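To keep things clear, I will list the structure first and then write my remarks on it.
What follows draws every value from the coordinates through simple rules; no lab data is involved. This one's a predicted model, so the numbers in the text were calculated from it and none came from an experiment. Note that each Cβ is placed from the backbone with ideal geometry, even for glycine, and that neighbours are counted across all protein chains shown.
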Ligand code: CAA
């Protein structure tokens, strides 16, 4: 069945692949982005997917952004919280701004978007929410107290909302990708990254499509018995 899907951070990186996968699955997709107009325009032209600019860290911006999505495409039945940033630095050098930015964008966004779509999903008796967490929220990572805290927070958020939503036809799951070949991972110093890849049993970085395929599976109408789960896609780097 064709549904309306909102993918935050949906024009670049893993979100780019998720938006395309959901379109290929037959859904009407809204790809949110925050600032990179050039990438968003190129993405929209190449894919035919509608793009919506708003800051997921800002509740009121989400309110007007999601309203625009619903006016143009219809009520959001599928929500993928993918938007995220890193500000990697050891805690003893971390500024309050580096802490707050990551918590607000990566974790605060989940409250903002879910809060704004959950009442409609409950009223319609259907919803699929997928939160893109990270291997580093599961195992911790040097230089990422902010990011690991946000990504671990998403896992608790996922389970609590799954419990609240289970009786209403809404599933809430998390995907925890490992190191995927995206701009975010390319920003890690080459020497540091070399050491990380050496510890991935599959022997390579992941592909964005390998995460998108998990999301496509979780949002399918047939996946209604899977809720509160965290699915890892990390090449065997961390087994929970
Ligand atoms: N474990 C233990 N010690 C480590 C270490 C590690 N993983 N990494 C570095 N160290 C040590 C270094 O050897 C160094 O020791 P000495 O002072 O004795 O030489 C000390 O810690 C300081 O290290 P750096 O010189 O690297 O410190 P820095 O301040 O220049 O850089 C950093 C810190 C920016 C956090 C850098 O270590 C780094 O980039 N780490 C990788 C962070 C990472 O994996 N980010 C993932 C981004 S992608 C992503 O997050 C997507 C996803 O979901 C997976």
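Work out, step by step, the length gained on full extension between residue 68 and residue 229: first 0.36 nm times the residue separation, then minus their alpha carbon distance; give nm to one decimal.
That works out to 54.9 nm of additional length.
Would you mind calculating the gained length between residue 36 and residue 191 on full extension (0.36 nm times residue separation, minus the Cα-Cα distance), in nm to one decimal?
53.0 nm
Under a point spin-label approximation (7 Å from Cα along Cα-to-Cβ), what is the residue 207-residue 164 distance to one decimal in nm?
Taking the simple label geometry, residue 207 and residue 164 are separated by 3.8 nm.
If each DSSP helix of 4+ residues adds -39,500 (n - 2.57) and the sum is divided by the residues in the chain, what number results at 222 nm, nearest 500 deg cm²/dmol?
Calculated from helices alone, the mean residue ellipticity at 222 nm is -13500 deg cm²/dmol.
Normalised radius of gyration for the chain, please: alpha carbon Rg relative to 2.2 N^0.38 Å, two decimal places.
Against the compact-globule rule of thumb, the ratio is 0.95.
Taking the alpha carbon gyration tensor of segment 187-240, what are the square roots of 5 times its eigenvalues, largest first, to the nearest whole Å?
28, 12, 9
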